[in-house]
1. All but one of (1) more than 30 Å from Glu37 (Cα to Cα); (2) in the same structural domain as Ala351 (by TED's automatic domain parsing) hold for Val253; which doesn't?
2. Quick one: count up the residues across the stretch 200-211 that are buried (at least 24 other Cβ atoms within 10 Å of the Cβ) and among the small types (Gly, Ala, Ser).
3. It is to be established whether one or more residues within the stretch 327-340 are in contact (Cβ under 8 Å) with a residue 12 or more places away in the chain, more than 16 Å from the ligand (Cβ to nearest atom) and more than 22 Å from Lys286 (Cβ to Cβ).
4. Kindly establish whether Leu170 is at pLDDT 95 or above and part of a loop (DSSP other than H, G, I, E, B).
5. Please pick out the residue among Thr75, Thr93 that is among the hydroxyl-bearing types (Ser, Thr, Tyr), part of a helix (DSSP H, G or I) and in contact (Cβ under 8 Å) with a residue 12 or more places away in the chain.
6. Being exposed (fewer than 13 other Cβ atoms within 10 Å of the Cβ) and within 15 Å of the ligand (Cβ to nearest atom) narrows it down to one residue among Glu369, Glu362; which is it?
7. Evaluate the stretch 165-176: report whether one residue or more is among the hydroxyl-bearing types (Ser, Thr, Tyr), more than 30 Å from Glu60 (Cα to Cα), within 16 Å of the ligand (Cβ to nearest atom) and not assigned by TED's automatic domain parsing to the domain that holds Lys49.
8. If I ask for residues that are assigned to a helix (DSSP H, G or I) and aromatic (Phe, Trp, Tyr), which ones from the stretch 335-359 would you list?
Amino acid sequence: MLNFKLSPEQEDIRRAAREFAEKEFTPEIIEKCDREEIYPIDIVKKARKLGFSIVKIPEEYGGMGLTLLEECLITEEFYRVSPGIGSACMSSTFGSELIELFGTEEQKEKYLRWLTEKDGISAMASTEPEAGSDVASIKTKMVKDGDEWVINGTKTFITNGTVCDFALVLARTSEGKKRHEGLTFAIVETKQKGVKATKIKNKLGLRASDTAELVFKDVRVGDENILGKPGEGFYQLMEFFNHTRPRVAAQAVGIAQGAFELVLKYTKQRKQFGQPIAAFQHTQFKLAEMATRIQAARLLCWYAAWQCSIKDPKPELSSMAKWFAGETAVYVADWCVQLHGGYGYVGEYPAERYYRDAKITEIYEGTKEIQKQIIARRLIGKLEGGS
Ligand SMILES: Cc1cc2nc3c(=O)[nH]c(=O)nc-3n(C[C@H](O)[C@H](O)[C@H](O)COP(=O)(O)OP(=O)(O)OC[C@H]3O[C@@H](n4cnc5c(N)ncnc54)[C@H](O)[C@@H]3O)c2cc1C
């Protein structure tokens, strides 16, 4: 039988996440972190203590041992109140999924426990100044020297770049027959000599989240820090995204839900032509469209996350969820501003912040164009003479 009802435990988790976000992410803190681009480390630590950001890490490594579905529920609730602070909290273990998926027992013991027991913060560094969507064109090099590997190169737009303790860094270790062969992930402790992190300021949105350029100059790691076998990095990254894109969809659903609640309230209060603007049929149709798209995005997100939860991720579903939910967030945030009129354009209402925060969900972890490419490739298959 098909069942759309969350379990009592899942409902409890959702409620706890909502209560935490509404209590801790106060309007004053949200405003200050957004305006001054402050990373809210105290709230990040509190969320960690309560298990929210380690919900998916197995219990044997100190996590909560739950699934991506529960993580998506928490993510939606956090982003509903504040996408910026939600990002700081829920992305504080970003990249660790790679260790969960491909790490050795020793790597899991050391690095997952660093997150669950020592407030560690992680990152995943794939993007470079000249290699974004085209991951296979990365230039960062990792060369074997005795028992060690030496890393040189520059990564950009790295979430948690200045605050992380370790990062999963993708580098070229050999020239494969194909461009995407010969890439390898290394777990790099980022407080060591040779790693330079520079915060990227003046982002459009998610301003409470840390984003940085990371430069690696003759940084050494041992064999024990290589993830899987050399040359597997590209495939590991694609598998990683199958598991993380539903979470971006949950971020987008949270942003859309927060913006929707705001605009619903406003349209019932704001009067023009002697009546609430919610009385105009055009407004009603927009509210109906927004609510429908949000519900559709949420169901797609849950479906994609559930596939991961049963250990059968579907790349096309993860991409569908990410693309559709991202577009929904941008659509709803746009109408949220529009229906606030001039008040939506100024900082007095959070409408403008949701509008700024929404856009990133169509860009990171693969742009919406790349998502559509993945979906289409699964539909069409490999074409003779195609690239
Ligand atoms: C706030 C923030 C946080 C981020 N966090 C991380 C992180 O933690 N780790 C990390 O590694 N990266 C991170 N990124 C990087 C992000 O994943 C990339 O910005 C994204 O993948 C796009 O790459 P790009 O910026 O180089 O754009 P490009 O790849 O240059 O794309 C530019 C445009 O061209 C389009 N395009 C490119 N190729 C094609 C194609 N084949 N067909 C059609 N259209 C195409 C794109 O869709 C886009 O519209 C982050 C970025 C931001 C802004």
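1. Unmet for Val253, out of (1) more than 30 Å from Glu37 (Cα to Cα); (2) in the same structural domain as Ala351 (by TED's automatic domain parsing): (1).
2. 2
3. No, the conditions are met nowhere in the stretch 327-340.
4. No, not satisfied.
5. Working: Thr93 fails: part of a helix (DSSP H, G or I).
Thr75 is the lone residue from the list that is among the hydroxyl-bearing types (Ser, Thr, Tyr), part of a helix (DSSP H, G or I) and in contact (Cβ under 8 Å) with a residue 12 or more places away in the chain.
6. Glu369
7. Residues of the stretch 165-176 among the hydroxyl-bearing types (Ser, Thr, Tyr): 173-174.
Imposing the further condition that a residue be more than 30 Å from Glu60 (Cα to Cα) reduces the set to 173-174.
If we keep only those that are within 16 Å of the ligand (Cβ to nearest atom) as well, we get none.
Checked against the condition, which is being among the hydroxyl-bearing types (Ser, Thr, Tyr), more than 30 Å from Glu60 (Cα to Cα), within 16 Å of the ligand (Cβ to nearest atom) and not assigned by TED's automatic domain parsing to the domain that holds Lys49, the stretch 165-176 yields no hits at all.
8. Passing the criteria: Trp335, Tyr343, Tyr345, Tyr354, Tyr355.
The values are calculated or read from the model by the stated rules, or taken from the named source; none is laboratory data. Only a predicted model underlies this, so the values are computations on that prediction, with no experimental measurement involved. Ideal geometry is used to build each Cβ from the backbone, glycine not excepted, and the neighbour counts take in all protein chains shown.
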